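Here the structure comes first, spelled out in structure tokens, and everything after it is commentary.
The values are calculated or read from the model by the stated rules, or taken from the named source; none is laboratory data. Worth saying up front: this structure is predicted, and the values here are computed from it rather than measured. As a convention, Cβ positions derive from the backbone with ideal geometry for all residues, glycine included, and neighbour counts pool all protein chains shown. Protein only, heavy atoms only, side chains kept; ligands, DNA and RNA dropped before computing areas. Shrake-Rupley method; radii C 1.70, N 1.55, O 1.52, S 1.80 Å.
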Amino acid sequence: MARARIRTTTAVREKIRSLRDFLSILFKKKSAIAGVTIVVFFTLLGGLADYITEYSYRDTAIAADFAMPSWAAPPDVPRNVDFYFKTFKLLEKKGDETVEVEYRQLEEGGAEVIITGTGEANIVLASEELLEYPYRPAKSLYLESHITAINITENIAWYNIKFAIENIDLVEQNATLEIAEGIVIPRGFYVFYDEIGQRIFTLYQYLNEPLNRSIAATLPNPILNRIQPYVDIKTMEGLIEGVNAAKELVLEKDTRLRILVNITYYCNPMDFMIRCPENASLRVVVKPVHLFIKGDAHGILGTNYMGADVWAQFVYGARSAVVLGLAVSTAIVILGLAVGLIAGYKLGTLTDHALTFTIDLVYFIPLLPMVMVVGIVFGRSLYIIYAVLILLAWPGVARTVRHWTSTLRSSLYVEAARAIGAGDLWILTRHIAPQVIPYVVYSIVMSVPGVIAFEAGIQLIGFGDPEAPTWGRMISESYWGGGFLNNAWWWIMPPILGLVGISIGFALIGLALDEIVNPRLRR
Amino acid sequence: MSISSHLAKLGVRMIVTYLAVIASYFIIIRVLPVLAAGGNPLADPVIAALRRTAEDPRFNLWIEEAMKRFGLDRPLFPDQFILYMKNTLSFNFGISIFTQRPVLSEIAVRLPYTLSLYTILTILPITIGYYLGIVSAQHRGKKLDAALTQGAIISYIVPSWLILLLIYYFLAYLPKRLWGIYIFPLPVKPPSIEVADIEAFKYLLWYMTPLIMAGTLAWTGPWIYFIRQIVISELGSDYSMVALAKGGAPRYVLRKHVVPNVRPPLMVQLAYAVPGIFGGALIFEIVGNWPGIAYFSYQAFLNWDFPVMTAFFAISATLIVVSLFVAELLLLLLDPKARAKG
């Protein structure tokens, strides 16, 4: 990776005595300052990732797929709408007088209903809210409700719970829609959860256990989104897809929406099919209903094909580019340094021959096929990929360091150190290794772009870690996942610019270092 | 030491390295998976590949026969290893598991694609890099030099496939989206290498242009930088100082004294670059959907097509060994200093 042809002279070595000298020479160059600025920028971006983005790189379905950045979208493009129906009131209570209904509004939002006694009852809870929605109709609408139904007595009453959402204006106008010949449906009324429809096949399970579940439904949805329970499902299938519930419900800007919770209760001690004691009672807790409209414009950099936040991915990608890039290239260079030092110091001995032979051998093992082989055998993981890279990329550094060390070991001060009885390890670490440090820094810095680009390339050919928070994964996903076809520039360009930018940053620093460690290039 | 004894020593070293390299490939693509499978024959990728092919009704009954042919029914050491070494060293790679055709003829089918693309992509960057490098060194410290150096650095660090992606985005996907035209074709239907049919040839050129553009942009930079560094260090050396001091025009000194000294390292670098032609650039070919040898080897790795993998590794290694030898030879022939050093 690092292709430096380094020749040092004593003049340079004398000049670079300390780190401070080194830095002062470095910062005399404009390109080094520019490079450091770029690298610091990305380091800050990655380091502050937890604070500058509210999402994780793993979160999906944050907004609609391929949502534009919100600053680039016209103002009428839907944004995310997050809304809770909290206050419920008792709208209707029908049934036998023998049934007692106790209704209570919960403090944290939602409601609790306790039904006791024998007989039939039908209770409707309603939550009516004005939804401020200043955009054009969205593609879909997501509703989430949570109910708990507990039979207080041992034997149980039969019950059914139905959640529905309606557009009050349309329902009051008795508006209808003909979706096929002869099939007319009322407009603006959607059942998004029908308990009996859900549990009909697992009746016993629900009869014997308290019901406690969250139900999420995205409208329109051909199965859950039965517009009226009285219409045969089979005739509705396929037709329903033409109805856009999100559009129906938020037809006007600022619509009045109502959530209806319809609880049906039936307890007859004389019914042999469903046995029920006289003191039967049912407790139903309805938690706030969450309405979520996915925006087609979102955040700083929009979303990708899974509705994941691109800005979050970009920021976490910066973190892994800086951290992993530096860590991996350091590992490569340290390994090469160690081998090179030993081989060069023991020049001509068996150790040197063995190490040189290993260097030659590793040089012949092609990197990409090796990553594929290891990926197929051991699975696709970021750590395995980097381990292969480290194990195969060090010979370049080792060769250069070996050449250097072999010239340094016969220099006068090493001879002198040896003459006063210094050991091999002492000479290597105290006298020879410090001479190589500028070159080591240079090769670490120059290896980083290669490491980042390597990971990205591996991702692009399908052997990368599919869960890695890297720019490579973003580039690969945007290429294979329809980013190019959908012209999702907010998704394609950030990782590419980030990769090129950080590479240029490191290369600029490396270039300045090259002129320091390589005196022949200086004027 | 004389040249011949030096070469003989080098040759022996190369041959020993080559044998060790071929043996190490066996460890990587045969021993490693078997060890990872932990004695379960179904987890052995070669046997899995054989079984996948046997799902085809034409090859229903061939597993036993194929296992015998590849020696899979015998132990890894020494039987399989010896068979492998014998076949690989004699370039007798046998038949591809995946396509059921001889490996060498499969490679021969892909060779025109690889050669046509990478010959252009070797000659073009070197030629451009040679001239621009000398120009850059001549204008050292001026704006032209700074621009060329920065361009070279960017070209060196930005991978070729990334440039290709950008070219496809800006010159194929985006114009199609905005104006409904393709400036370059999408990498969907690779062309056939044909010169006789004028329409097919036009499509070939059209298809290849983005690849050549990307490759040239990505691979010229290192050459510019390389040549510039050599020329600068040669210009700073004593003999060019003397030539300049004697009153030689800088242009004359450059042409007569410096450039001849640039050629030996250039030739050596070229010798190093040539084996890369066979292996190609894998990611580049996958993005550009170019059916060369790299793409073929990629498919072979995906399907664990053992004979093709062996062939790919062995041919690459052979080419590298030969070119290293040629590079050393060139160095001896062209550079009297190296000859004197022995």
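Quick notes on this one:
- Of A:LEU389, A:LEU368, A:LEU382, A:LEU412, all but one fail to be among the hydrophobic types (A, V, I, L, M, F, W, C), over 30 Å from A:PRO469 (Cβ atoms) and out of contact with any His (no Cβ under 8 Å at 6 or more places or on another chain); the exception is A:LEU412.
- Among residues of region A:452-468 being surrounded by fewer than 24 Cβ atoms within 10 Å (Cβ to Cβ) and acidic (Asp, Glu), the one that is nearest to the other protein chains (Cβ to nearest Cβ) is A:ASP465.
- Among residues of region A:474-495 being more than 14 Å from A:ALA308 (Cα to Cα) and among the polar types (S, T, N, Q), the one that is surrounded by the most Cβ atoms within 10 Å (Cβ to Cβ) is A:SER476.
- Residue match in region B:195-203 (condition: outside any helix (DSSP H, G or I), within 14 Å of another protein chain (Cβ to nearest Cβ) and either among the small types (Gly, Ala, Ser) or in contact with a Gly (Cβ under 7 Å, 6 or more places away or on another chain) (or both)): no
- The residues of region B:236-264 that are in a helix (DSSP H, G or I) and charged (D, E, K, R), listed by number, are B:ASP238, B:ARG251, B:ARG255, B:LYS256, B:ARG263.
- Residues satisfying the stated conditions in region B:258-280, i.e. more than 25 Å from B:VAL231 (Cα to Cα) and either of a type in the set (Phe, Trp, Tyr) or open to solvent by less than 10 Å² (accessible area, probe 1.4 Å) (or both): B:PHE278
- Subset of region B:173-207 (residues that are touching a helix residue (DSSP H, G or I) at 6+ places or on another chain (Cβ under 6 Å) and either aromatic (Phe, Trp, Tyr) or under 24 Å from A:TRP480 (Cα atoms) (or both)): B:ILE181, B:TYR182, B:ILE183, B:PHE184, B:PRO185, B:LEU186, B:PRO187, B:PRO191
- A:LEU508 vs. criteria assigned to a helix (DSSP H, G or I) and in contact with a Ser or Thr (Cβ under 8 Å, 6 or more places away or on another chain): yes
- Filter pass, B:PHE77 being surrounded by 17 or more Cβ atoms within 10 Å (Cβ to Cβ) and not assigned by TED's automatic domain parsing to the domain that holds B:LEU332: no
- When B:LEU144, B:LEU166, B:LEU178 are checked against the criterion of being surrounded by 16 or more Cβ atoms within 10 Å (Cβ to Cβ) and either modelled with pLDDT of 90 or more or aromatic (Phe, Trp, Tyr) (or both), B:LEU166 stands alone in meeting it.
- Where B:LYS246 falls short, out of the listed (1) charged (D, E, K, R); (2) open to solvent by 30 Å² or more (accessible area, probe 1.4 Å); (3) modelled with pLDDT of 90 or more: (3)
- You will find that of B:GLY133, B:GLY129, the residue that is part of a helix (DSSP H, G or I) and either in contact with a Lys or Arg (Cβ under 6 Å, 6 or more places away or on another chain) or open to solvent by 60 Å² or more (accessible area, probe 1.4 Å) (or both) is B:GLY133 and no other.
- Residues of region B:24-46 that are within 17 Å of B:ASP305 (Cβ to Cβ) and either among the charged types (D, E, K, R) or away from every other protein chain (no Cβ under 11 Å) (or both): B:PHE26, B:ARG30, B:ASP44, B:VAL46.
- Hits in region B:129-185 (condition: of a type in the set (Gly, Ala, Ser) and away from chain A (no Cβ under 12 Å)): B:GLY129, B:GLY133, B:SER136, B:ALA147, B:GLY180
- Within region A:435-451, if we keep just the residues that are open to solvent by less than 10 Å² (accessible area, probe 1.4 Å), of a type outside the set (Val, Ile, Thr) and under 29 Å from the mean Cα position of the chain (by Cα), the residue that is nearest to the other protein chains (Cβ to nearest Cβ) turns out to be A:PRO449.
- Residue selection: A:TRP471 fails the criterion of being open to solvent by 10 Å² or more (accessible area, probe 1.4 Å), hydrophobic (A, V, I, L, M, F, W, C) and either out of contact with any strand residue (DSSP E or B) (no Cβ under 7 Å at 6 or more places or on another chain) or at pLDDT 95 or above (or both).
- A:ARG409 vs. criteria more than 28 Å from the chain's Cα centre (by Cα), modelled with pLDDT of 90 or more and at negative phi: no
- Some residue of region B:292-306 being within 12 Å of chain A (Cβ to nearest Cβ), open to solvent by less than 20 Å² (accessible area, probe 1.4 Å) and of a type in the set (S, T, N, Q): yes
- Looking across region A:112-146, the residues that are hydrophobic (A, V, I, L, M, F, W, C) and more than 35 Å from the chain's Cα centre (by Cα) come down to A:VAL113, A:ILE114, A:ILE115, A:ALA121, A:ILE123, A:VAL124, A:LEU125, A:ALA126.
- The number of residues in region B:289-318 being in a helix (DSSP H, G or I), under 16 Å from the mean Cα position of the chain (by Cα) and not polar (S, T, N, Q) comes to 12.
- Test: residue in region B:33-49 that is out of contact with any helix residue (DSSP H, G or I) (no Cβ under 7 Å at 6 or more places or on another chain), of a type in the set (D, E, K, R) and farther than 23 Å from B:LEU104 by Cα: no
- Qualifying residue in region A:336-356 (condition: under 18 Å from B:VAL21 (Cα atoms), within 14 Å of chain B (Cβ to nearest Cβ), in contact (Cβ under 8 Å) with a residue 12 or more places away in the chain and touching a Pro at 6+ places or on another chain (Cβ under 7 Å)): no
- Condition check for A:GLY379: within 14 Å of chain B (Cβ to nearest Cβ), under 25 Å from the mean Cα position of the chain (by Cα) and at positive phi: yes
- Just one of (1) part of a helix (DSSP H, G or I); (2) surrounded by fewer than 18 Cβ atoms within 10 Å (Cβ to Cβ) fails for B:ILE283. It is (2).
- Region A:349-376: number of residues that are of a type outside the set (Val, Ile, Thr), open to solvent by 50 Å² or more (accessible area, probe 1.4 Å) and either on the phi > 0 side of the Ramachandran plot or in contact with a Phe, Trp or Tyr (Cβ under 7 Å, 6 or more places away or on another chain) (or both): 0
- A:ALA387 under 19 Å from A:ILE444 (Cα atoms) and either of a type in the set (A, V, I, L, M) or open to solvent by 50 Å² or more (accessible area, probe 1.4 Å) (or both): yes
- Helices (runs of 4 or more DSSP H) contained entirely in region B:24-78, each with at least 3 residues that are of a type outside the set (A, V, I, L, M): B:45-54, B:63-70
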